[in-house]
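The values are calculated or read from the model by the stated rules, or taken from the named source; none is laboratory data. For clarity, every value in this text was computed on a predicted model and none was experimentally measured. Glycine gets a Cβ as well: all are built from the backbone with ideal geometry, and neighbour counts include every protein chain shown. With ligands, DNA and RNA removed, areas are computed over all heavy atoms of the protein, side chains included. Shrake-Rupley method; radii C 1.70, N 1.55, O 1.52, S 1.80 Å.
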Amino acid sequence: IGQAGAEALAADGWTVIVSGRRKDALDTVASGINAKGIGKAGALVLDVSKAADVEAAAERILATHGRIDLLVNSAGINVPRRSWADLEISGWDKLVEINLNGVLYCMRAVLPAMRAQKDGCIINVASWAGRHVMKMPGPAYTTTKHAVLALTHSFNMDECVNGLRACCLSPAAVATPILKLRPVVPSTEEQARMLQPEDLGRTIAFVAKMPPHVCVNEILISP
């Protein structure tokens, strides 16, 4: 979803910095965007679960580009052992660190620059499980995504006076590699009927191009 969002934004002319833990994957995305010659892309290796690293990344982007207009929080994981019967504390902690804490760290890191600009948009990729409690994703994933929804609305209540807005994008099943972590991996046919990453990429670009006086608080999207 993050890759599709970056590609759609670049196609609209944005300068995009893609981040994540795998340098090779980031470089592939950035080089692919740059080869098309529309928007521009750079890559920045980052583990969003480390608050100090997130702060440093934001400072580096500001030092290079002078401003941050948009943040897309799309980092997210789940684990195979996800029911109450086999829930592991280590798995719970890992999900909270990335799916929730990572979102907060990134939002907090870009906040000073956006406040100074009196302009900025944040898109938090949550999940259908963040609006509707579901059994399959498990308690940890469902809880973190519900928290992201609350975090987004809380942000809008406080930061609207500074010209900032945030959107919680909550898709149902999307055919991404995270499906490989399900206890039962969906078939190729089942995945073809799901939302595709490009669908979310177009949605991210739509929210990003809305004028500053418009806040798209939440989008709930399904196949």
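A compact table of results
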{"item": "Complete set of residues in segment 17-35 that are surrounded by 20 or more Cβ atoms within 10 Å (Cβ to Cβ) and more than 14 Å from the chain's Cα centre (by Cα)", "result": "26, 29, 30, 33"}
{"item": "Scope segment 107-126; condition of a type in the set (Val, Ile, Thr) and out of contact with any Pro (no Cβ under 8 Å at 6 or more places or on another chain); matching residues", "result": "110, 122, 123"}
{"item": "Near pairs, Cβ below 9 angstrom, 6+ apart or cross-chain, from segment 55-74 (open to solvent by 90 Å² or more (accessible area, probe 1.4 Å)) to any residue that is at pLDDT below 95 and among the polar types (S, T, N, Q)", "result": "none"}
{"item": "Meets criteria (under 13 Å from residue 78 (Cβ atoms) and either hydroxyl-bearing (Ser, Thr, Tyr) or in contact (Cβ under 8 Å) with a residue 40 or more places away in the chain (or both)) for residue 203", "result": "no"}
{"item": "Qualifying positions in segment 1-30 - in contact with a strand residue (DSSP E or B) (Cβ under 8 Å, 6 or more places away or on another chain) and over 22 Å from residue 174 (Cα atoms)", "result": "14, 15, 16, 17, 23, 27, 30"}
{"item": "Residue in segment 204-219 that is open to solvent by 30 Å² or more (accessible area, probe 1.4 Å) and assigned to a helix (DSSP H, G or I) present", "result": "yes"}
{"item": "Number of the exception - residue 182 against (1) farther than 21 Å from residue 8 by Cβ; (2) in contact (Cβ under 8 Å) with a residue 12 or more places away in the chain; (3) of a type outside the set (Ser, Thr, Tyr); (4) open to solvent by 80 Å² or more (accessible area, probe 1.4 Å)", "result": "(4)"}
